[in-house]
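Enquirer: The structure follows.
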Number of protein chains: 2
Amino acid sequence: MTQKDPTLKKRANLRDVAKAAGVSVATVSRVLNEPGVVKKETLEKVQKAIADLRFVPSAAARAINSGRTRFVGALVPTLDNAIFARFLAALERRLSQDGLSLIVATTESDLEVEAEKAKGLVDIGAEGLIITGATHAAEFHDLIERTRIPTIVTSYFDVSNPFPTIGYDNKAAAQLALRHLIKLGHRRIAVVHGPVHNNDRTQARLSGLHELNWDGEITTVETEISLRGGAEATARIVNRSVKPDAILCLSDVVALGVLFGLQSNGISVPDEVSLMGLDDLPSSAVAVPSITTVHLPVSTMGERAAIALARWISTQERPEPERLEADLVERSSTIRKRAFDEYG
Amino acid sequence: MTQKDPTLKKRANLRDVAKAAGVSVATVSRVLNEPGVVKKETLEKVQKAIADLRFVPSAAARAINSGRTRFVGALVPTLDNAIFARFLAALERRLSQDGLSLIVATTESDLEVEAEKAKGLVDIGAEGLIITGATHAAEFHDLIERTRIPTIVTSYFDVSNPFPTIGYDNKAAAQLALRHLIKLGHRRIAVVHGPVHNNDRTQARLSGLHELNWDGEITTVETEISLRGGAEATARIVNRSVKPDAILCLSDVVALGVLFGLQSNGISVPDEVSLMGLDDLPSSAVAVPSITTVHLPVSTMGERAAIALARWISTQERPEPERLEADLVERSSTIRKRAFDEYG
DNA sequence: GAGGTTGATGAAACTAGTTACATATGTCAA
DNA sequence: TTGACATATGTAACTAGTTTCATCAACCTC
């Protein structure tokens, strides 16, 4: 006898409620989904049974019928950089307007990890994916190809990408920054950037700089994308025999780290060296001096990606890529390089 | 060219695969779950059918049988404060070790929003919840009571809470900070804190300060928890006729904002005023001067919360509360207040 | 009073998997 | 040669909902 232990009351289901209320399962289902069509007395009877049995409909059983799980996944390199946190915040905010929840998974910029986590998300029923950048593992492409799950690339704009991309042109953004420094008369520029390996955004930004074919001197320093990384990179730059006129950081976190690094070396920004970032984090506006940067519209990107993905899921129509403009934000960390005869 | 995918023939299911491979559904299920017991030829036949039909098992159908959806939800006030981003990163990392995904939802510190989003998470099948702080809406408590979903409170330690709490003692953390400033001889302290409304962590920190019954002078300034909020609070403090010896910020982001605010007012830290934070974000270690703070073990908290929740879900045994210690990190933004006769 | 319409409800089929149990075949020992 | 057992597979019941279709009573119309 599989006798039911009354203390081990396992979760009540729709049949239990129907029995308790003395109605059919169809009626209980109606009470849940279209209470308007149920007679008042019946409605109350059923609602009482639902309350008594503490009945909570099973999400899985609903999903099996509707074919909808109502959540999507986002794969970002890290949460530690505020740029992704801001993007995700906007993404989540907009998705919830369409009744979609967001599962966040971090990849640590590792393509294997990304493929693995994507598999996990699909396995648990994600209806769509938001990914970062254009480079992905073969297994990842396989997975998407097999499942045909709506997938949108962000932080990258490229019409020829197999996935719809919603993002900015990383090359152009970096060029915008460099052109500004050039316009200010700087000739020797140190570029501080994050790891190039597996990061096509950084790669695109760097190649954008080189494609300008500028005749000034560019030296590059690779470091971790973090405040500490910026501070460390500064040490390397400061120890050189030839000092740069300007330092261009391809991420704002790094720029702030460099600012701190320069300050602890007693080097004044912008008097002794101009400093520029790229991202436009809130910290850049508030820092002293405030940091000139290129604004990347990550909140807009989150919103647009959410809208596009939600629509893709509901209409089955693949969205068009969207290019978002990055623009220059001039602040106090950059000044015109004084010509030789302007000095004392 | 937003046109309908021509391959819209609805997804193949297990029955389709069984038919295509000429076997029963049970055999297909075995191929998926225990391929070892299936004869090699059959296995290959079925795998070919799976590949041909691009069959992907339905997560919902699996969930309905196993009763498991393999994801949990976390409700945090915001992603914009790195303290939560760091916590979530650790939480997600550890959960994925137990095969659990994490849905992140932000509440903007609004209890109604929290209750609503919690409902959404339960509706889509979350197996557990991680929440922030001890104060929640009545509907939220109702929901948890009805569903009996494993729920853990973080960022707060309190043995008498209806939910198991895994966190630090906010009162003690704030007291640790204040005691340090007192020990350094400061007598007039400005305390900058985030919104008190609906934020029991801030409330606890403030009441911790008052409960010390110190005979020095404490003035408080409420502001938004952000860099900008810190900068704004600074303006208010600087405009006072009586200047404080030290400024204690109950969040590190705010402390950095205050540092910037002081710098732009030409006030030197720590020479003219000592500055202290609470959280210990990476920025506090790298800032110039580096900011003295109280370290809150948020990564450990994420890990412990993940472990406890995963265990609760699998064993049905409610975990014990865990108190994590906060400790003082002395850096360069605080110095001993010089006695009157030390001057000049 | 027959026929039509509306409203409320129920029986059973349906979603897409897993799994308990039954069955068929093959191997080996008695 | 037969029973015992393992191996491989199939049948059908099961998970927990939604939905279609049928039923029946009440009311209205002609």
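Enquirer: What is the residue count in segment B:17-31 for residues that are closer than 10 Å to B:ILE50 by Cα and near DNA strand C (Cβ under 8 Å from one of its atoms)?
Expert: 2
Enquirer: Report whether or not A:VAL254 is of a type in the set (A, V, I, L, M, F, W, C), surrounded by 22 or more Cβ atoms within 10 Å (Cβ to Cβ) and away from chain B (no Cβ under 14 Å).
Expert: For A:VAL254, the condition - of a type in the set (A, V, I, L, M, F, W, C), surrounded by 22 or more Cβ atoms within 10 Å (Cβ to Cβ) and away from chain B (no Cβ under 14 Å) - is not met.
Enquirer: Going by the structure shown, is B:THR202 within 21 Å of B:PHE260 (Cα to Cα) and of a type in the set (Ser, Thr, Tyr)?
Expert: In short, no.
Enquirer: Name the pairs: first residue in segment A:21-32 and within 14 Å of chain B (Cβ to nearest Cβ) and touching a residue at least 24 places away in the same chain (Cβ under 8 Å), second residue assigned to a helix (DSSP H, G or I) and within 6 Å of DNA strand D (Cβ to nearest atom), Cβ to Cβ under 7 Å, at least 6 apart or on different chains?
Expert: That search, which allows pairs on different chains as well, returns nothing.
Enquirer: Could you grab me the full set of residues in segment B:211-237 that are of a type in the set (D, E, K, R) and within 14 Å of another protein chain (Cβ to nearest Cβ)?
Expert: From segment B:211-237, those of a type in the set (D, E, K, R) are B:211, B:215, B:217, B:222, B:224, B:228, B:232, B:236; that's our starting set.
Residues satisfying the conditions are B:GLU224, B:ARG228, B:GLU232.
Enquirer: Within segment A:20-41, count every residue that is more than 12 Å from DNA strand D (Cβ to nearest atom) and surrounded by fewer than 17 Cβ atoms within 10 Å (Cβ to Cβ).
Expert: Of segment A:20-41, the ones more than 12 Å from DNA strand D (Cβ to nearest atom) are A:20-22, A:36, A:40-41.
From what's left, surrounded by fewer than 17 Cβ atoms within 10 Å (Cβ to Cβ): A:22, A:36, A:40-41.
Total satisfying the criteria: 4.
Enquirer: Let me ask something additional. Could you tell me which numbered condition B:LYS39 fails, if it satisfies all but one of (1) within 8 Å of chain A (Cβ to nearest Cβ); (2) over 38 Å from the mean Cα position of the chain (by Cα)?
Expert: (1)
Enquirer: Given (1) assigned to a helix (DSSP H, G or I); (2) more than 22 Å from the chain's Cα centre (by Cα); (3) in contact (Cβ under 8 Å) with a residue 12 or more places away in the chain; (4) surrounded by 17 or more Cβ atoms within 10 Å (Cβ to Cβ), identify the lone condition not met by B:PRO270.
Expert: Here B:PRO270 meets the rest and fails (1).
Enquirer: Among the helices (runs of 4 or more DSSP H) lying completely within segment A:54-152, list those that include at least 3 residues that are under 30 Å from A:ASN13 (Cβ atoms), within 16 Å of DNA strand D (Cβ to nearest atom) and modelled with pLDDT under 95. Explain how you work it out, then say what you get.
Expert: Working: elements: A:59-66, A:82-97, A:111-123, A:138-147.
The qualifying helices (runs of 4 or more DSSP H) are A:59-66.
Enquirer: Looking at segment A:56-79, which of its residues are away from DNA strand C (no atom under 16 Å from the Cβ), over 15 Å from A:THR132 (Cα atoms) and either more than 7 Å from chain B (Cβ to nearest Cβ) or out of contact with any strand residue (DSSP E or B) (no Cβ under 7 Å at 6 or more places or on another chain) (or both)?
Expert: Within segment A:56-79, just A:VAL56 meets the criteria.
Enquirer: Identify, please: which residue in segment A:127-138 is within 14 Å of chain B (Cβ to nearest Cβ) and within 17 Å of the chain's Cα centre (by Cα) and is, among those, nearest to A:ALA61 (Cα to Cα)?
Expert: Taking the candidates together, the pick is A:GLY128.
Enquirer: Checking the conditions here, which among A:ARG86, A:ARG188, A:ARG148, A:ARG94 is more than 17 Å from B:GLU92 (Cα to Cα), more than 17 Å from the chain's Cα centre (by Cα) and touching a residue at least 24 places away in the same chain (Cβ under 8 Å)?
Expert: Only one candidate qualifies: A:ARG188.
The values are calculated or read from the model by the stated rules, or taken from the named source; none is laboratory data. These numbers were taken from a predicted model, which means no experiment stands behind them. When we count neighbours, we look across all protein chains shown, and the Cβ atoms used for this are built from the backbone with ideal geometry, even at glycine.
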